[in-house]
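Shown next, in structure tokens, is the structure this report addresses.
All of the numbers you see were taken from the coordinates with simple rules; none came from a lab. The structure displayed is predicted, hence computed values, not measured ones. Every residue, glycine among them, receives a Cβ derived from its backbone with ideal geometry; neighbour counts consider all protein chains shown.
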Amino acid sequence: MRRPYVIMNAGMTLDGKLATVAGDTRISGKEDLERVHRIRAEVDAVMVGIGTVLHDDPRLTVHRVESSRQPARVVADSLARTPPGARVLSDEAPTIIGVSEAAPEHRVQRLKEAGAEVVVCGERRVELPCFMERLYGMGIRKLLLEGGGELNFSMLREGLVDEVRVAIAPVIVGGRSSVTLADGEGFESIDSGVQLRLLRYYPLGKDLVLEYEVVR
Ligand SMILES: NC(=O)c1ccc[n+]([C@@H]2O[C@H](COP(=O)([O-])OP(=O)(O)OC[C@H]3O[C@@H](n4cnc5c(N)ncnc54)[C@H](OP(=O)(O)O)[C@@H]3O)[C@@H](O)[C@H]2O)c1
């Protein structure tokens, strides 16, 4: 299967949370946010799950560093729940929404009218290998996966992630219901988990950046 090279990136607390119980995501520092925008400027697309769109209403553009180009914005959104007024649909960059066959037609139509390209993969939930193949067919060779925890886990489980980069902020927030780097159903044993090899690590402002490759 031909698919984009995928870098998963997140800013997380020392206890692995991507947000607090109240949804606060101001985790990593300014230097780290600039690092993320430099990666965005290098890739063909930036992808999130519908949970992140509904919680954070992100723009997903490059705006913290200078860039002559904008990557496409990609959302995994089985039921086409992306609100037509969401910032991810702004005209600053192209937007591709992956939906399933279960997405109501009127919502799909509304997304198309808002300027999004809609890709259908899977019966009830977006089937990620199909979606990645379709994105490759649309010219996307390098993709930055920016969460959240549900989508991260599915992408890892499907073997669709090549690199994992995290900025660990020096803070612990706890909360059994707060989103972590990878949620989903989880793996039962350490051996069946996604194995990583450390590539490099460095302090950045108040944070510590760790970069891994996924071992196949
Ligand atoms: N700190 C950071 O770097 C960072 C980055 C991103 C997000 N966040 C935080 O993470 C939270 C959102 O995370 P989340 O886990 O709730 O949501 P998410 O991972 O952004 O989105 C999950 C949703 O994606 C949809 N989806 C479609 N196909 C899927 C598939 N095959 N596998 C998994 N999901 C699929 C599902 O909804 P449907 O079934 O309706 O499609 C699922 O509920 C927010 O609080 C946000 O602030 C933090």
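Using a simple charge model, +1 on the beta-carbon of Lys and Arg, -1 on the beta-carbon of Asp and Glu, nothing else, what dipole does the chain show about its Cα centre, in debye to the nearest 20?
Its charge dipole is roughly 340 debye.
As a check on your grasp of the helix formula, calculate [θ] at 222 nm for the chain: sum -39500 (n - 2.57) over DSSP H runs of n ≥ 4, divide by the residue count, round to the nearest 500.
Using -39500 (n - 2.57) per qualifying helix, the result is -6500 deg cm²/dmol.
Evaluate 2.2 N^0.38 Å with N set to the residue count of the chain, then give the Cα radius of gyration divided by it.
Dividing the Cα radius of gyration by 2.2 N^0.38 Å gives 0.98.
Using only Cα atoms, locate the centre of segment 173-190 and the centre of segment 85-112, then give the distance between them in Å, rounded to an integer.
So the separation of the two Cα centres works out to 28 Å.
Going Cα to Cα from Lys17, which lysines come in below 21 Å? Please leave out same-chain ones fewer than 8 positions away.
Lys30, Lys206
Can you tell me which of Gly49, Gly98, Gly205 moves the most in a GNM of the chain? Springs connect C-alpha atoms under 10 Å apart.
Top of the fluctuation ranking is Gly205.
Sticking with the crude label model, points 7 Å out along Cα→Cβ, report the distance from Arg124 to Gln195 in nm, one decimal please.
Placing both labels 7 Å along Cα→Cβ, they lie 3.3 nm apart.
Nearest 10 degrees, 0 to 90: what angle lies between the long axis of helix 30-42 and the longest principal axis of the chain (Cα atoms)?
50
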